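Only one structure is covered here, and it is reproduced in the block below.
The values are calculated or read from the model by the stated rules, or taken from the named source; none is laboratory data. Small disclaimer: the values here were computed from a predicted structure and weren't measured. For neighbour counting, all protein chains shown are included, and Cβ atoms are generated from backbone atoms with ideal geometry for every residue, glycine included.
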Amino acid sequence: MAQINKIVGSDFKIPTPVFFIAVILIIVYFLPREGKYKYTYTENKPWQYGLLTAPFNFHIHKSDEQLKEEKDSIMQSYLPYYLVDEDIAQKSSTQFTLNSRAMSVPTEYISYVNKKLSEVYKAGVLSAEEYEKIQRQSKKQIQLKNENNIATTRHLASFYTPKQAYDKILGDVPSYLKVDMLKTLNLNDYLTVNILYDEKTSANEREEMLKQIALYEGEVQSGEKIIDRGEIVDARTKNILDSYSKEIAGKVGTKSSPGILIFGELIMISLFIMALMVYLLFYRRKEYDNPKNLIFILLMVVVFPVITGIITDAKMFSLVYLIPFAIPTILIRTFIDSRTAMTTHIITVLICSMMLPLTQMAQFIVIQLLVGYMCIFSLRNLSERSQLVYCSLLILLTYIVSYTAWILCTEGDLSLVKDNARLYIYFCINFVFVTFAYLLVYVCEKVFGFISEVSMIELSNTNRPLLQQLSEVAPGTFQHSMQVSTLVVSAALRIGANATLVRTGALYHDIGKMVNPIFFTENQSEGMNPHAGLTEKESARIIIDHVTEGVRIAKKHNLPQQIIDFIETHHGQGKAKYFYNSYVNKHPGEEVDVADFTYPGPNPFSKETAILMMADTVEAASRSLKDNSKEAITELVNRLIDSQVNDGLLRNAPITFRDVENVKEVFCEKLVSMRHMRVAYPELKKK
């Protein structure tokens with residue numbers, strides 16, 4: 001699965017506000033285009049609201065059932081129109097006469113057939129399909145128009161179909177003619193339909209008749225009472241309420257003619273999205289300036305309003321509780337932070353609430369906000385599957401308790417809980433959907449290049465093949481990495497950094513040493529020095545290359561970019577000082593090219609990478625101490641870290657002087673306990 005990093009590269013030049021504008025337009029497009037009608041009611045149930053009076057004059061629309069009954073009634077008197085083709089009879093008779101004479105048919109047969117053709121065509125020949133269609137419509141008569149455009153009513157039984165006309169000709173044969181002889185004359189070829197359906201006149205007549213149906217059955221005057229609290233919504237009152245609802249929708253807008261509605265929606269959605277934009281701009285500038293993170297956050301904001309818009313547009317308002325609004329909160333909490341997750345959740349809920357009837361908006365907002373807070377508080381980090389199941393169960397409990405409490409405090413009727421039992425089923429289905437967030441965490445990691453607590457725990461498992469290879473090829477480096485990981489975890493916890501991330505980075509930061517392990521002190525045996533035959537520049541290049549080699553190995557094994565950052569920055573743009581100082585001492589007065597002894601960097605740019613740089617230097621140097629006293633270790637830690645600060649290696653990291661002092665204290669405490677002399681065990685004296 002291709003990461004979005006490959007799409008959103010360094011040459012990605014789309015201005016950040018464009019993303020927010022796109023989100024606004026997408027959400028507005030999927031918003032329902034009907035005015036909000038703030039009442040819900042059921043026929044033969046009590047009216048739950050206060051006194052309702054008409055704010056303006058409006059007609060009482062007839063119900064669909066009434067209109068259908070009146071339409072069916074008036075259509076019973078409707079008769080379809082047909083035309084007579086006067087030329088068919090003459091053409092058929094002439095054609096038959098010519099063909100019969102050519103075949104030397106006796107004249108008495110020709111005379112008889114022509115007579116019958118004239119008789120049949122005068123009555124009218126109607127196609128079998130039209131005949132059956134008229135019968136299916138329960139019509140016994142039709143309107144027949146002649147060449148003068150004058151219509152007369154004719155009974156259906158007075159017409160012939162081609163088959164009936166054929167039977168008529170053969171059935172009336174006089175005794176002096178032979179039926180078999182007539183059958184050889186192919187009479188069917190001369191029996192053509194001359195009564196044709198007049199679609200235009202029929203449609204006009206049908207429309208004129210339907211126009212006679214009144215669409216309204218009365219009018220409600222402005223200020224007139226419609227219904228009051230506790231009154232039963234009977235059929236007529238329901239019809240009046242339905243009419244009022246249609247008038248509201250017509251005044252505000254519909255999908256085909258949104259009118260002023262779309263303008264108001266555009267303003268509201270713009271305000272919500274701008275609130276999110278301002279929050280990111282002032283409080284999460286890193287996410288605001290990072291297209292990958294910004295797209296991820298805005299995608300979470302867009303998807304659920306779109307789903308809600310589709311559901312509410314179909315008038316299935318209760319199904320919104322099937323939508324797992326906790327999922328984007330879980331994902332943003334996992335990959336960004338809690339505050340951004342909650343802000344995004346609130347914005348999303350407020351946008352989706354605009355799509356619901358006014359009577360359901362408050363309930364929806366209250367329940368979803370409680371769910372969001374429960375999600376944030378119960379999921380401090382996602383390091384185990386059980387944590388997500390625990391969080392999902394708490395979310396389900398929040399849905400059930402908050403909805404029940406809302407019904408009781410607003411309606412005061414426990415029976416309404418039973419009437420809406422299906423919502424509790426929706427809450428359970430929602431719980432199942434939320435549990436799939438674990439799968440979505442994996443998908444987001446692959447698509448957006450994020451790394452979660454779960455992935456970091458998996459990567460920090462020392463039984464993974466890459467770490468196993470490091471322990472076998474460069475055992476000294478592996479032990480160094482383990483010691484560094486111990487130091488960084490304590491320091492990270494002290495200053496509020498991500499301890500799991502920095503520990504994982506510490507385990508992998510020196511994997512590049514597997515290429516030339518023997519050139520690094522921790523992997524050398526006593527008396528071995530492969531640098532003896534090399535110049536300082538050559539040795540420095542081998543040492544420095546472990547950074548670039550580490551990046552290459554990490555990419556080969558598909559390690560996340562967050563781990564590669566530790567490999568690139570654990571020396572920053574510092575110098576390989578041992579060989580640099582040795583070279584300067586051997587070549588006094590010579591201008592030295594510092595680039596030959598400088599690591600490629602970059603310098604640390606986060607608290608975690610800064611902690612690792614300090615821990616890596618301190619742990620490695622502490623191995624050379626002959627005096628492991630607290631004073632010696634403290635002096636070493638202060639000197640090395642102060643040197644890094646003075647060299648500007650921590651300039652880009654968001655770490656304070658107070659943080660640096662805390663890190664020093666932690667390192668001193670840990671190194672003292674790690675380097676202290678152990679008590680020598682006495683030997684057992686032999687008798």
- Message: I'd like to know if the stretch 80-91 contains one or more residues that are under 23 Å from Leu156 (Cα atoms) and surrounded by fewer than 14 Cβ atoms within 10 Å (Cβ to Cβ).
- Response: yes
- Task: Report, by residue number, each residue of the stretch 166-185 that is assigned to a loop (DSSP other than H, G, I, E, B), within 19 Å of Val125 (Cβ to Cβ) and at pLDDT below 85.
- Result: Leu185
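Take Val401 and tell me if it is modelled with pLDDT of 85 or more and surrounded by fewer than 17 Cβ atoms within 10 Å (Cβ to Cβ).
yes
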- Using the structure shown, decide if Thr237 is closer than 30 Å to Lys45 by Cβ and of a type in the set (S, T, N, Q). yes
- Task: Hey, can you tell me all the residues within the stretch 227-240 that are outside any loop (DSSP other than H, G, I, E, B) and farther than 17 Å from Lys62 by Cβ?
- Result: Ile227, Ile232
- Has the stretch 444-456 got any residue that is surrounded by 18 or more Cβ atoms within 10 Å (Cβ to Cβ), more than 30 Å from Asn293 (Cα to Cα) and aliphatic (A, V, I, L, M)? no
- Using the structure shown, decide if Leu369 is surrounded by 21 or more Cβ atoms within 10 Å (Cβ to Cβ), in contact with a helix residue (DSSP H, G or I) (Cβ under 8 Å, 6 or more places away or on another chain) and not charged (D, E, K, R). no
- Message: Anything in the stretch 531-578 that is under 35 Å from the mean Cα position of the chain (by Cα) and assigned to a helix (DSSP H, G or I)? List them, or say none.
- Response: Val551, Ala554, Lys555, Lys556, Gln561, Gln562, Ile563, Ile564, Asp565, Phe566
- Message: Looking for something under 60 Å from the mean Cα position of the chain (by Cα), part of a helix (DSSP H, G or I) and free of Cβ contacts under 8 Å to residues at least 40 places away in the same chain - is there at least one such residue anywhere in the stretch 81-89?
- Response: no
- Filter the stretch 149-185 down to residues that are without any contact (Cβ under 8 Å) to a residue 60 or more places away in the chain and closer than 17 Å to Ser100 by Cβ and give me whichever is nearest to the chain's Cα centre (by Cα). Tyr166
- Message: Of everything in the stretch 293-326, what is of a type outside the set (A, V, I, L, M, F, W, C) and either without any contact (Cβ under 8 Å) to a residue 24 or more places away in the chain or surrounded by 19 or more Cβ atoms within 10 Å (Cβ to Cβ) (or both)? Give them in sequence order.
- Response: Asn293, Pro305, Thr308, Gly309, Thr312, Lys315, Tyr321, Pro324
- What number of residues within the stretch 489-505 satisfy the criterion of being farther than 14 Å from Gln562 by Cβ and either in contact with a strand residue (DSSP E or B) (Cβ under 7 Å, 6 or more places away or on another chain) or not in a helix (DSSP H, G or I) (or both)? 1
- Message: Just to check your reading of the model, which residue among Ser222, Ser202, Ser270, Ser256 is assigned to a loop (DSSP other than H, G, I, E, B) and at pLDDT 80 or above?
- Response: Ser222
- Scan the stretch 473-488 and report the pairs whose first residue is more than 15 Å from Phe566 (Cβ to Cβ) and modelled with pLDDT under 95 and whose second residue is in a helix (DSSP H, G or I) and among the hydroxyl-bearing types (Ser, Thr, Tyr), with Cβ atoms within less than 8 Å and a gap of 6+ or a chain change. Gly476/Thr521; Phe478/Ser471
- Look at the stretch 205-219 and say how many of its residues are part of a loop (DSSP other than H, G, I, E, B), out of contact with any helix residue (DSSP H, G or I) (no Cβ under 6 Å at 6 or more places or on another chain) and in contact (Cβ under 8 Å) with a residue 24 or more places away in the chain. 3
- Pairs, first more than 18 Å from Phe566 (Cβ to Cβ) in the stretch 638-654, second among the small types (Gly, Ala, Ser) and assigned to a loop (DSSP other than H, G, I, E, B), C-beta under 6 Å, six or more apart: none
- Task: Could you figure out which of (1) modelled with pLDDT of 90 or more; (2) closer than 20 Å to Ala621 by Cβ isn't true of Phe519?
- Result: (1)
- Message: Return the pair list, or none, for Cβ contacts closer than 7 Å from residues in the stretch 540-556 that are farther than 19 Å from Lys577 by Cβ and in contact (Cβ under 8 Å) with a residue 12 or more places away in the chain to residues that are surrounded by fewer than 20 Cβ atoms within 10 Å (Cβ to Cβ) and aliphatic (A, V, I, L, M), at least 6 apart or on different chains.
- Response: Glu549/Val515; Val551/Ile564; Ala554/Ile564
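Looking at the stretch 466-482, is at least one residue in a loop (DSSP other than H, G, I, E, B) and buried (at least 19 other Cβ atoms within 10 Å of the Cβ)?
Checked the stretch 466-482: at least one residue is in a loop (DSSP other than H, G, I, E, B) and buried (at least 19 other Cβ atoms within 10 Å of the Cβ).
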- Message: Here's a check for you: in the stretch 115-152, which residue that is part of a strand (DSSP E or B) and of a type outside the set (Val, Ile, Thr) is surrounded by the fewest Cβ atoms within 10 Å (Cβ to Cβ)?
- Response: Gln141
